[in-house]
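Here the structure is laid out as structure tokens; the discussion comes afterwards.
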Amino acid sequence: MLTSAVAGFAMSIALIVAIGAQNAFVLRQGLRREHVVPVVLTCAASDALLIAAGIAGVGTLVTGRPALLTAIRWGGAVFLLGYAALAARRALRPGALLPTERPPATLGATLLACAAFTYLNPHVYLDTVLLLGGIAQQHPNRWLFGVGAVLASIVWFTALGAGAHRLAPLLARTVAWRLLDGVIAAVMAALAVALLLG
């Protein structure tokens with residue numbers, strides 16, 4: 001039984017630590033110290049929901065509907081390109097980069113953006129619903145595999161959100177924020193292009 005939970009944790013953490021739209025968003029919120037706990041809870045709860053759906057067999061239904069997969073892919077690409085443009089704009093306008101110079105976003109707007117980064121990203125469905133859900137089916141204790149996978153998500157997002165403030169001294173200079181936003185813009189654009197070509 002414990003073997004399934006450990007396997008779920010290991011597989012989930014291997015998938016989740018790769019830099020992507022959701023991780024970049026959590027990192028930015030952590031650096032700004034803005035609505036970090038609700039963002040971490042939203043990401044972890046979303047992963048738990050999607051992993052549970054995959055283990056329950058929803059992945060099989062989704063793969064049988066190519067039109068739905070195409071719509072998700074295009075919608076996600078448009079969203080990621082839009083966010084890449086915003087990050088690029090921040091990188092080119094240093095005055096807008098310092099956290100103290102921008103008014104904090106509302107909780108509602110932040111959670112809406114967090115949900116968009118989660119549910120408009122087709123890679124989230126591939127990793128959680130299809131891949132983790134499919135691998136869980138091969139374990140005798142598939143729900144314990146899911147518990148391990150969800151625990152990995154909770155640990156990762158908590159560490160990312162809570163630990164980001166340690167980077168604050170490094171990012172106290174405008175040039176560092178410009179570099180961070182430049183990297184975020186490049187990653188988002190690359191993910192969007194990969195979705196469109198995939």
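The values are calculated or read from the model by the stated rules, or taken from the named source; none is laboratory data. Keep in mind it's a predicted model, so treat the numbers as computed, not measured. Neighbour counts are summed over all protein chains in view; Cβ atoms, including those assigned to glycine, are modelled from backbone coordinates with ideal geometry. Ligands, DNA and RNA are stripped out before the accessible areas are found, and what is left, the full protein with its side chains, is counted by its heavy atoms. Shrake-Rupley method; radii C 1.70, N 1.55, O 1.52, S 1.80 Å.
For region 9-31, the set of residues classified as more than 17 Å from Leu126 (Cβ to Cβ) and open to solvent by less than 30 Å² (accessible area, probe 1.4 Å) consists of Ala24, Phe25, Val26, Arg28, Gln29, Gly30, Leu31, listed by residue number. Of the residues making up region 1-59, those that are among the acidic types (Asp, Glu) and part of a helix (DSSP H, G or I) number 1. A single member of Leu112, Leu86, Leu92 is under 14 Å from the mean Cα position of the chain (by Cα), open to solvent by 80 Å² or more (accessible area, probe 1.4 Å) and at pLDDT 75 or above, and it is Leu112. Going by the structure shown, is Val17 of a type outside the set (Gly, Ala, Ser) and under 21 Å from Leu112 (Cα atoms)? No; evaluated as a whole, the condition is false for this residue.
Would you check which residues across region 128-149 are under 15 Å from Ala7 (Cα atoms) and surrounded by 24 or more Cβ atoms within 10 Å (Cβ to Cβ) and list them? Thr128, Leu132, Gly133, Ala136, Phe145, Gly146, Gly148, Ala149 - these are the residues of region 128-149 that are under 15 Å from Ala7 (Cα atoms) and surrounded by 24 or more Cβ atoms within 10 Å (Cβ to Cβ).
Kindly check whether there is at least one residue in region 168-180 that is among the aromatic types (Phe, Trp, Tyr), modelled with pLDDT of 80 or more and open to solvent by less than 50 Å² (accessible area, probe 1.4 Å). The answer is no; no qualifying residue exists. Applying the condition of being open to solvent by 60 Å² or more (accessible area, probe 1.4 Å) and at pLDDT 80 or above to region 46-66 and asking which residue is nearest to His123 (Cα to Cα) yields Leu49. Among residues belonging to region 183-198 that are in contact with a Lys or Arg (Cβ under 9 Å, 6 or more places away or on another chain) and open to solvent by 20 Å² or more (accessible area, probe 1.4 Å), point out the one that is modelled with the highest pLDDT. Here the answer is Leu196.
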